[in-house]
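Worksheet: one structure, shown below.
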């Protein structure tokens with residue numbers, strides 16, 4: 001019997017690099033289709049790579065020719081137009097189409113915790129989340145009307161060693177090490193879930209070719225819940241410093257930097273805890289095993305070993321100084 005075939009549109013991002021590598025390890029015949037520009041995360045060893053713009057349907061069709069795939073995963077679809085083109089391209093050519101949505105699409109503020117897959121989708125604060133909801137609407141309609149075999153996966157805050165969860169990325173760690181104020185939104189007490197990409201991949205790959213997941217949606221997150229104060233402290237511990245934290249309201253962040261603020265008002269300022277019963281039922285044995293204390297050390301160790309990536313955003317650095325001063 002030949003190995004099941006999986007096409008990843010993308011394949012070198014935080015989520016897809018770990019997922020595609022694990023899919024290869026688990027015996028899938030993996031093909032990646034992307035622009036071939038990633039320098040942080042190489043293509044999974046053993047995967048075929050097709051070079052094309054995944055958002056150009058004609059380029060995709062030329063790249064894949066007359067091939068069908070058991071599973072197609074789109075990691076780089078962000079608008080309803082993107083997924084409408086996917087439906088057109090892959091109808092009749094795949095047994096399962098997996099769309100990466102976002103847990104930020106869930107109702108904000110959440111009226112009940114923990115969040116379930118049945119929690120309403122509504123985010124009036126963040127356009128990114130509304131676009132993901134629109135994508136889901138297109139795909140659910142395609143499933144209902146024509147049987148298009150979609151599975152919707154909603155990651156929450158998924159990270160790898162390159163991904164610092166604080167505002168400003170490395171700029172925040174640099175400020176810690178210089179003794180400059182680190183900006184933390186609100187009181188730092190909102191509860192959050194950080195999922196290591198290797199843990200996400202373990203759940204995700206278990207969904208590939210899983211007929212029980214077709215026509216359904218599922219989120220994949222860790223069960224570890226930490227506050228933003230704890231997140232900051234764990235990163236500071238890993239960096240070997242005591243942080244000087246200054247609290248700024250999410251409203252003030254949004255006023256100072258609307259792009260950053262949208263993500264706060266639409267996601268980070270709210271406590272988000274997830275019930276992972278569905279992914280555990282679909283993928284027996286799934287469990288997230290990497291706590292953020294370990295993840296924080298991995299992040300800091302990687303940056304210290306790769307100083308070329310220690311880039312300080314001068315605009316954000318100055319903005320953080322201004323916010324800290326205005327906070328008193």
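Structure values in brief
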quantity	calculated
Segment 273-285, residues that are under 11 Å from residue 223 (Cα atoms) and assigned to a loop (DSSP other than H, G, I, E, B)	273, 275, 276
Residue match in segment 49-57 (condition: within 28 Å of residue 306 (Cβ to Cβ) and out of contact with any helix residue (DSSP H, G or I) (no Cβ under 8 Å at 6 or more places or on another chain))	yes
Total residues in segment 191-230, condition under 18 Å from the mean Cα position of the chain (by Cα) and in a strand (DSSP E or B)	10
Output for segment 125-149, where each listed residue is closer than 24 Å to residue 264 by Cβ and without any contact (Cβ under 8 Å) to a residue 40 or more places away in the chain	130, 133
Number of the exception - residue 136 against (1) at pLDDT 95 or above; (2) outside any helix (DSSP H, G or I)	(2)
Residues of segment 15-42 that turn out to be in contact with a strand residue (DSSP E or B) (Cβ under 6 Å, 6 or more places away or on another chain) and at pLDDT 90 or above, as a count	11
Some residue of segment 92-99 being out of contact with any strand residue (DSSP E or B) (no Cβ under 7 Å at 6 or more places or on another chain) and buried (at least 22 other Cβ atoms within 10 Å of the Cβ)	no
Residue in segment 300-318 that is buried (at least 18 other Cβ atoms within 10 Å of the Cβ), within 16 Å of residue 159 (Cβ to Cβ) and in contact (Cβ under 8 Å) with a residue 12 or more places away in the chain present	yes
Residue count, segment 231-257 (criterion: part of a helix (DSSP H, G or I) and without any contact (Cβ under 8 Å) to a residue 12 or more places away in the chain)	3
Flag if residue 26 is touching a residue at least 24 places away in the same chain (Cβ under 8 Å), surrounded by 14 or more Cβ atoms within 10 Å (Cβ to Cβ), more than 20 Å from residue 93 (Cβ to Cβ) and over 20 Å from the mean Cα position of the chain (by Cα)	yes
Those residues of segment 77-89 which are crowded, with 22+ Cβ neighbours inside 10 Å and over 18 Å from the mean Cα position of the chain (by Cα), in sequence order	86
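Residues are listed down the side, and each one gets a yes or a no for (1) in contact with a helix residue (DSSP H, G or I) (Cβ under 8 Å, 6 or more places away or on another chain); (2) at pLDDT below 95; (3) under 19 Å from residue 98 (Cα atoms); (4) not assigned by TED's automatic domain parsing to the domain that holds residue 78:
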| position | (1), (2), (3), (4) |
| --- | --- |
| 129 | yes, no, yes, no |
| 144 | no, no, yes, no |
| 149 | yes, no, yes, no |
| 170 | yes, no, no, yes |
| 178 | no, no, no, yes |
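The values are calculated or read from the model by the stated rules, or taken from the named source; none is laboratory data. Note that the structure is predicted; figures quoted are calculated from it, not measured. Cβ: placed from backbone, ideal geometry, glycine included. Neighbour counts: every protein chain shown.
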